[in-house]
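Q: Got a structure for you, written out below as structure tokens; questions coming shortly.
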Amino acid sequence: MLKYSLVGYDGSPSSQRAVRFAVDLARASGGRVRVISVLQVTEGSADTCTLMMSDPGTSQCSRLLQELKELAPGADQLIDSEVVRGSPGDVLLDQVKRHSIDHVVIGHTERGALARWLLGSVSGEVLERCHVPVTVVR
């Protein structure tokens with residue numbers, strides 16, 4: 001039985017569906033959900049660098065909590081959330097190890113072949129490297 005699911009959340013419609021799916025699963029199984037939003041620093045992203053230096057993460061955490069309350073009303077007691085800086089795939093895989101996660105739920109965003117080649121795919125990376133069950137929500 002799945003007890004602790006991890007969701008990678010970026011605000012996209014597919015990640016919103018992933019949160020709802022994980023919360024429904026947690027309610028049905030008596031489990032919990034850990035929602036991680038990754039603040040990724042990319043080369044040339046001056047806005048992200050400025051935000052990282054000026055805000056220790058408090059406003060991002062507040063925004064994340066508010067979005068989760070709207071996505072999954074009444075699920076406050078089931079959800080742990082955190083904003084983490086780093087590479088999304090690496091952060092999610094590290095969370096699996098650090099928090100004894102037994103299931104990962106991620107959204108899948110359709111991108112063209114060129115974008116996948118240039119930017120990679122978080123869902124593909126997690127599917128390839130993760131050692132617990134992974135559900136990809138479209």
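Derivation of every value follows stated rules applied to the coordinates shown; laboratory data play no part. Note that the coordinates shown come from a computational prediction; the quantities given were computed from them, not determined experimentally. All Cβ positions, even for glycine, are placed from backbone atoms using ideal geometry, and neighbour counts span all protein chains on display.
Q: Counting Lys +1, Arg +1, Asp -1, Glu -1, what net charge surrounds GLY11 among other residues with beta carbon under 10 Å of its beta carbon? Spell out each step's value before the answer.
A: Working: positive: ARG63; negative: ASP10, GLU67.
Once positives and negatives cancel, what remains is -1.
Q: Using a 7 Å offset from the Cα along the Cα-to-Cβ direction at both ASP76 and SER12, what is the distance between the two label points in nm, to one decimal?
A: My value for the distance between the label points is 3.1 nm.
Q: Taking the Cα-to-Cβ direction at VAL136 and at SER29 and moving 7 Å from each Cα, how far apart do the two end points lie in nm?
A: 2.0 nm
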